Every structure is written in structure tokens, then in C-alpha cells.
Amino acid sequence: MSPRSRTNQLLYQAELLIGLPTGSDEHTPARQMAIEESALALFELALNSLLKEVTEHARLNEHGWQVLLNEEGPAVAELQRLRDMRYQSDSWLHWLIEQVDKLHSDEGAGKRVVQNPAMIAVGSQMSVADQLLTNLHAAKRDIASLRETSQEW
């Protein structure tokens, strides 16, 4: 499988996971958290696959996002574009890295919905699953343009 195919496959699988039913039993909150964290892990794998894909022309030995998106990473145009995006607070990459850091921490990235009638709900808060979908779609748009510049090489 090519890196491009693998990237597409991982993004597709993450979307599939998010759409899975969570049920309506006592395990629903745990199931929702498992789906969210699993989809997020696939999104991280897709990022690594994307980095491998868009840097094929540079013949790099390392393809992990922590190394390639580091300020001291290789001087490749596509990587610099992603580094810049990483620090834009409204970008999918900024969101993803923030969530992946939580995923790898003791806190975790999945959020349990608190059912407390005394609390006032905040209507503008999106669920992790909704945020995942929004950011997956944004990533797909950016990936298309990254692939174009990479293919020029």
C-alpha cells in the first residue's frame, strides 16, 4: 500500500469510527469515549502517514510528527507549511496535536458527559466526536493542496 493510500485509509477509518452507534445502556459513556479516543489515534497515525507521503521526495529516515514538525526539523516546504499551521490556534493540526497530547496523558482525550441537572449547559460546546469530524474534514482539504505541492517535486 502506498503512503497516500494508507493516509486515505486511516482518515476514512477514523470517520467510520465516529459514526458508530454508542448504544443506550450503562456502557454508553465508556463506549463513546473509546470511539473518540480510537478515532483520534487513527487521526494521529494518518498524520504520520501524511508526513511520510509528502516528504517522499526528500528521502527522510524519520516520519514521526514529533520530529518532523519540530522547529529543528528538516527544511522541506511541506513541513514548514505544516509547522506554521501547527501554531495557528484555529487549525486542524493545532487541534489534533493538542488532543493527541491529551490522549497520551493520564487525562485522556475522551470526555465523559456529565449529567448534572444543577449545571447550566453551554450550547456552543462541541463534543469531541463533532470536533473530530470538523477537523478531519479540514485536514482533508489541506491534504489535497499539500499533495499538489509535493507532487511538483
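The values are calculated or read from the model by the stated rules, or taken from the named source; none is laboratory data. Values in this document were obtained by computation on a predicted structure and should not be read as measured data. Every residue, glycine among them, receives a Cβ derived from its backbone with ideal geometry; neighbour counts consider all protein chains shown. Only protein heavy atoms, including side chains, enter the accessible area calculation; ligands, DNA and RNA are left aside. Shrake-Rupley method; radii C 1.70, N 1.55, O 1.52, S 1.80 Å.
Please indicate, with yes or no, whether at least one residue in the stretch 79-91 is farther than 20 Å from Asn135 by Cα, open to solvent by less than 30 Å² (accessible area, probe 1.4 Å) and out of contact with any Phe, Trp or Tyr (no Cβ under 7 Å at 6 or more places or on another chain).
Checked the stretch 79-91: no residue is farther than 20 Å from Asn135 by Cα, open to solvent by less than 30 Å² (accessible area, probe 1.4 Å) and out of contact with any Phe, Trp or Tyr (no Cβ under 7 Å at 6 or more places or on another chain).
For Gln32, all conditions in the list (1) polar (S, T, N, Q); (2) part of a helix (DSSP H, G or I); (3) open to solvent by 20 Å² or more (accessible area, probe 1.4 Å); (4) under 21 Å from Ala139 (Cα atoms) hold save one; what is the number of the exception?
Evaluating Gln32 over (1) polar (S, T, N, Q); (2) part of a helix (DSSP H, G or I); (3) open to solvent by 20 Å² or more (accessible area, probe 1.4 Å); (4) under 21 Å from Ala139 (Cα atoms) leaves (4) as the failure.
Filter the stretch 104-130 down to the residues that are open to solvent by 50 Å² or more (accessible area, probe 1.4 Å) and either of a type in the set (D, E, K, R) or assigned to a helix (DSSP H, G or I) (or both), then identify the one that is modelled with the lowest pLDDT.
The residue in question is Arg112.
Taking Ala75 as the residue in question, decide whether it is farther than 27 Å from Asp130 by Cβ and over 17 Å from the mean Cα position of the chain (by Cα).
Yes; evaluated as a whole, the condition is true for this residue.
What is the number of the single condition among (1) of a type in the set (Ser, Thr, Tyr); (2) in contact (Cβ under 8 Å) with a residue 12 or more places away in the chain; (3) closer than 22 Å to Ala138 by Cα; (4) in a loop (DSSP other than H, G, I, E, B) that Ser49 does not meet?
Against the list (1) of a type in the set (Ser, Thr, Tyr); (2) in contact (Cβ under 8 Å) with a residue 12 or more places away in the chain; (3) closer than 22 Å to Ala138 by Cα; (4) in a loop (DSSP other than H, G, I, E, B), Ser49 comes up short only on (4).
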